[in-house]
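The values are calculated or read from the model by the stated rules, or taken from the named source; none is laboratory data. As the structure is a prediction and not an experimental result, all values here were calculated from the model. Heads up, the Cβs are rebuilt from the backbone with ideal geometry, glycines too, and the neighbour counts pull from every protein chain shown. Note: accessible area is taken over every heavy atom of the protein model, side chains too, but ligands, DNA and RNA are not part of it. Shrake-Rupley method; radii C 1.70, N 1.55, O 1.52, S 1.80 Å.
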Amino acid sequence: MAEDAWLNLPQPSRAAASSNNSSSSDSSSGAESVFLAGWAASEQQWGSLSAQELACWAALPAVREAFTKTMEAARAGKAIGSTQEAAVALHVSSPQMAAWLGQLNAAGNAADELRYLLITSEVLLVGSAEEVAAGALASSSVDTGAEVAGVVTVGVRRAVGSKCARCWMYSTQVRQLLGSIGSAAAVSGASTLSHAARLRCLQLTVLRHGTLVAVALETS
């Protein structure tokens, strides 16, 4: 899939991506394959994280562990299935960690938002543990033992919207997109789409060398 996306990039885009890496030998016209394009050169700012940021990143697995514990409780009660079916309410007792998680959630770069880190359809940061429990199918509080994170409270409910046949995430935008194509039957999955509809729907988002590129791929 990555190779298909690379070959469908315009030549100037491939050349620009190749020129930003540390090992490609063909940067003038762009590498012929994504696997020959080398690795992205490290940004200087990546090596200048503050001690506070490093501590928050180190505590992030504890947040995910709290989420996993709550999801398992919801699954055991047959309330929900996969993590993609869930919308999550999250509260951390540490103001420092809460502010940092808020920055991640607002990044808007299709990489750092908490829903991608937790592999779930939605994550909402709330101001209290009581808000987490309101309307939740399952909720739990976990003392991470890390000063920077404190107590993490997670609540799980069903995500709203329709399931994307490709990433399995739930979103209200799925039905809106399919409605714009004029194929209500396509809500059940990509296999029901006509060739023209699949051509429009099948978009691969490639995050490479810090550049977000949307590539439409033709499919039979």
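Full-extension gain between residue 78 and residue 172, please, as 0.36 nm times their residue separation minus the C-alpha to C-alpha distance. Kindly include the intermediate steps, with their values, before the conclusion.
Values: separation 94, 0.36 × 94 = 33.84 nm, distance 2.39 nm.
Here the segment from residue 78 to residue 172 would lengthen by 31.5 nm.
Keeping all protein chains in place, calculate the accessible area per residue for segment 108-151 (probe 1.4 angstrom), answer in Å². Intermediate values should be presented prior to the final figure.
Details: 2270 Å² over 44 residues.
The answer is 52 Å² per residue.
Give the carbon-plus-sulfur fraction of the accessible surface of segment 84-168 in %, rounded to a whole number; probe 1.4 Å, heavy atoms of protein chains only. Write out the running numbers ahead of the final one.
On the way: 2120 of 4030 Å².
Whole-percent figure for carbon plus sulfur exposure: 52.
Tell me, in nm to one decimal, what length is gained between residue 143 and residue 119 on full extension, where the rule is 0.36 nm per residue of separation less the Cα-Cα distance?
Numbers: separation 24, 0.36 × 24 = 8.64 nm, distance 2.19 nm.
Stretched fully, the residue 143-residue 119 segment lengthens by 6.5 nm.
Can you classify segment 1-143 as rounded, prolate or oblate using the Cα gyration tensor, where a ≥ b ≥ c are the square roots of its eigenvalues, rounded means a/c under 1.5, and otherwise it's prolate if a/b beats b/c and oblate if not?
Numbers: a/c = 3.35, a/b = 1.94, b/c = 1.73.
Judged from the Cα gyration tensor, segment 1-143 comes out prolate (a/c at least 1.5, a/b above b/c).
In square angstrom, rounded to the nearest 10, how much accessible surface does residue 125 have for a 1.4 Å probe?
So the heavy atoms of residue 125 present about 60 Å² to solvent.
Can you give the translational diffusion coefficient of segment 90-132 in µm²/s, computed by Stokes-Einstein from the Kirkwood radius over Cα pairs at 20 °C and 1.002 mPa s? Intermediate values should be presented prior to the final figure.
Values: Rh = 10.7 Å.
It comes out at roughly 201 µm²/s.
Hey, got a sec? Which trypsin sites (Lys or Arg not before Pro) in segment 24-128 land in a DSSP loop and have at most 11 other Cβ atoms within 10 Å? Display every interim value, and only then the final one.
Details: sites: 64, 69, 75, 78, 115; in loops: 78.
Passing both the DSSP loop test and the Cβ count: 78.
Can you tell me the FRET efficiency between residue 158 and residue 110 if r is taken as the Cβ-Cβ distance and R0 is 35 Å, rounded to the nearest 0.05? Present the calculation step by step, with values, prior to reporting the outcome.
Working: r = 23 Å, r/R0 = 0.67.
Step by step, r from the Cβ atoms, then E = 0.90.
Of the GluC sites (Glu not before Pro) in segment 24-118, which ones lie in a loop per DSSP and count no more than 13 other C-beta atoms within 10 Å?
Working: sites: 32, 43, 53, 65, 72, 85, 113; in loops: 32, 43, 113.
Here the sparse-neighbourhood loop sites are 32, 43.
What nm distance separates the two modelled labels at residue 16 and residue 58, each placed 7 Å from Cα along Cα→Cβ?
3.8 nm
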